[in-house]
């Protein structure tokens, strides 16, 4: 399947989620349940299952490069947002920095990487997502509520991070899950794509078009979907990152703003509506930018 067709197939599931929520087929309680299934079951399962690989020196190197490159890129993107919004009110500036730092690399990134690059690339996506979770629950919390202490327990108990850690331990220790465990783990992990796409579509319901008039939202989307991925691709190539790492990290940075940005902003009372509108707008625009990026990168052709 061509890259364009792969991405369109994913967005058709997004539209299905939107329609199901709009018509009441998926209610708020059901949406929370779907989100929990993705966070607590599907995502950890796919993280563990995709790490069931032979730990060659080359693969270990690629994983290390992915983790540290991803961490550096996300921190730099967050700093760019913080500097660009220096004239805004403090809560808006912090929300912008958070939105710039984090992309939707899990909910949306996993399905896109799987569809475009296949099974082999998923282990790199899992490592990038591990970095994402560490930053989201440390720097992310500090940005949105500077007076709140970081809970190390909460960071360590993030479901996706637990899955990544277990997967990495099994990977390095060469522990292979028996078929009786591996097969159901693989099946549960395969739920990540359809469930996460449904959740993304359902969460776009209720966003007023008036909320998208703010030019700062368009600036954030431009940075998230175009500027940051282009810079990531160039930097990864400049430092000599392996091609697979360069492509995967670029794709994950090119995902729309992270859902966790809106959820944390709402939780900590830091411009939740602005963050929610930014996530919704960037998600809608990504239907155009992701296929365009794939075309530029020559994926799926």
Tell me which of these residue 250 doesn't satisfy, since it passes every other one: (1) modelled with pLDDT under 90; (2) surrounded by 22 or more Cβ atoms within 10 Å (Cβ to Cβ).
-> (1)
Just one of 63, 59 is farther than 22 Å from residue 259 by Cβ, out of contact with any helix residue (DSSP H, G or I) (no Cβ under 6 Å at 6 or more places or on another chain) and surrounded by 14 or more Cβ atoms within 10 Å (Cβ to Cβ); which is it?
-> 59
If only one of 41, 73 is crowded, with 17+ Cβ neighbours inside 10 Å and either at pLDDT 95 or above or in a loop (DSSP other than H, G, I, E, B) (or both), which one is it?
-> 73
In region 283-300, is there at least one residue being under 18 Å from residue 105 (Cα atoms), in contact with a strand residue (DSSP E or B) (Cβ under 7 Å, 6 or more places away or on another chain), surrounded by 22 or more Cβ atoms within 10 Å (Cβ to Cβ) and at pLDDT 85 or above?
-> no
Considering every residue within region 19-32, establish whether at least one is at pLDDT 90 or above and touching a strand residue (DSSP E or B) at 6+ places or on another chain (Cβ under 9 Å).
-> no
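The values are calculated or read from the model by the stated rules, or taken from the named source; none is laboratory data. Because the structure is predicted, anything quoted here is derived from the model rather than measured. Cβ sites come from the backbone with ideal geometry, for glycine too, and all protein chains shown count toward neighbours.
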